[in-house]
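This report concerns only the one structure given below.
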Amino acid sequence: RVMGHVMDVESAPVQLSRGTLRSVFQAIKHNLKEEETLILVLDGLDDVQMGHDLLQELLTLTSQDDKKHRVKILISSRREFATERGIATPFQIDVDAQASIVEDIKDYADSIVSKSLVSYDAGIAIRKITEKSKGRFLCMRLLLLILPHELASADVNKWLLSITDDEGINGPFTIYNYMYHSIAEHHHQFALHLLRWVLHAARPMYSWELLDAVNSELGTNYLDTDVEKVTRGLLTMNTTRTVNLVHLSLRDYLMGIEWSSFSQDPQEMIARACLGALNPTFILQSLNQPWSDDYAMDITPKQARSLGIYAKT
């Protein structure tokens with residue numbers, strides 16, 4: 001029921017307003033049974049551009065005392081962000097300092113080890129990561145993304161042991177570095193083209209648009225199901241079929257590496273692909289330039305049409 005209301009908000013043609021937020025929130029509250037408590041977990045607040053008025057409205061709504069319809073909110077954010085935005089709630093979580101959160105993550109790691117998904121030594125290494133690293137949730141998520149893609153557990157064990165020492169790891173960049181350098185050589189060009197598109201595209205791209213552009217350029221035939229696998233989990237696909245970085249911090253890592261295999265500027269690469277996907281008639285019309293129907297009929301876009309909507313935008 002809650003997800004239904006959320007999807008209604010996401011699909012609305014107009015921008016979310018305080019009134020809409022109140023309406024959705026009231027609908028959620030009144031779907032609750034008496035004495036039932038709903039806990040909303042608001043994660044990644046640091047990574048989204050949520051207006052101050054909407055944030056304050058949300059905090060106001062969740063702080064209202066209603067014994068029949070109890071809704072609590074857990075906000076996961078960095079301390080600096082909370083201070084800057086004036087977030088004051090007893091339910092706020094500091095993701096790297098809250099003792100109970102650390103214990104939960106340890107329990108989670110223990111369950112992975114107990115199911116023999118990794119060796120004993122690798123289990124010790126995972127525990128070091130969860131105990132010592134910054135951004136524990138993210139590091140744990142990335143570890144779980146890596147494990148299913150490994151063909152041999154020995155590779156995972158060797159890597160885990162190599163990146164952990166008495167100090168643990170300082171953050172997710174070590175994991176990103178492993179994921180990036182473990183992309184198979186025969187998938188390398190495809191994966192790097194995908195990453196460059198996602199980094200520099202003007203908006204999140206749907207999988208069919210992105211695959212259309214990259215497959216056309218490389219002469220390959222990759223599918224939706226290949227995106228996460230060949231990029232080693234650096235890219236993810238959500239339910240709306242848009243392709244995204246696994247986490248916003250990955251952008252910082254990718255912007256700092258050397259793209260030695262590419263000589264072309266990414267913006268130029270994207271512009272050329274978009275021009276190749278559009279009919280010349282459309283381009284000339286949009287520029288108020290004259291064109292010849294006879295000439296335009298003989299020219300067809302070099303790329304498939306599914307990139308056309310993105311190219312026009």
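The values are calculated or read from the model by the stated rules, or taken from the named source; none is laboratory data. Note that the structure is predicted; figures quoted are calculated from it, not measured. Neighbour counts run over all protein chains shown; Cβ positions are idealised from the backbone, glycine included. Keep in mind that these areas ignore ligands, DNA and RNA; they rest on the heavy atoms of the full protein, side chains included. Shrake-Rupley method; radii C 1.70, N 1.55, O 1.52, S 1.80 Å.
Checking residue 185 against (1) within 23 Å of residue 134 (Cβ to Cβ); (2) over 19 Å from the mean Cα position of the chain (by Cα), which single condition isn't satisfied? In the conditions (1) within 23 Å of residue 134 (Cβ to Cβ); (2) over 19 Å from the mean Cα position of the chain (by Cα), residue 185 misses (1) alone.
For first residues located in segment 120-131 and free of Cβ contacts under 8 Å to residues at least 40 places away in the same chain, partners that are outside any helix (DSSP H, G or I) and lie 6+ apart or on another chain with Cβ distances below 8 Å form the pairs 125/164; 126/118; 131/168.
Quick check, is residue 61 outside any loop (DSSP other than H, G, I, E, B) and modelled with pLDDT under 75? Taking the combined requirement at face value, the residue does not satisfy it. Mind listing whichever residues of segment 262-278 are in a loop (DSSP other than H, G, I, E, B), surrounded by fewer than 16 Cβ atoms within 10 Å (Cβ to Cβ) and of a type outside the set (Ser, Thr, Tyr)? The answer is 262, 264, 265. Among the residues making up segment 145-169, those that are at pLDDT below 70 and open to solvent by 50 Å² or more (accessible area, probe 1.4 Å) are 148, 151, 153, 154, 155, 165, 166, 167. Just for segment 208-261: of the residues that are part of a loop (DSSP other than H, G, I, E, B), of a type in the set (A, V, I, L, M) and open to solvent by 70 Å² or more (accessible area, probe 1.4 Å), which one is nearest to residue 171 (Cα to Cα)? The residue in question is 248.
Quick check, is residue 182 open to solvent by less than 70 Å² (accessible area, probe 1.4 Å) and at pLDDT below 75? Break it down into steps so the answer makes sense when it comes.
Details: open to solvent by less than 70 Å² (accessible area, probe 1.4 Å): yes; at pLDDT below 75: no.
No.
Screening 217, 209 for residues that are acidic (Asp, Glu) and touching a Phe, Trp or Tyr at 6+ places or on another chain (Cβ under 7 Å) leaves exactly one candidate, 209.
Tell me, yes or no, whether segment 170-177 has at least one residue that is over 22 Å from residue 131 (Cβ atoms) and modelled with pLDDT of 85 or more. No, segment 170-177 has no match at all.
Within segment 179-186, is even one residue over 22 Å from residue 273 (Cβ atoms) and of a type in the set (Phe, Trp, Tyr)? Yes - at least one qualifying residue is present in segment 179-186.
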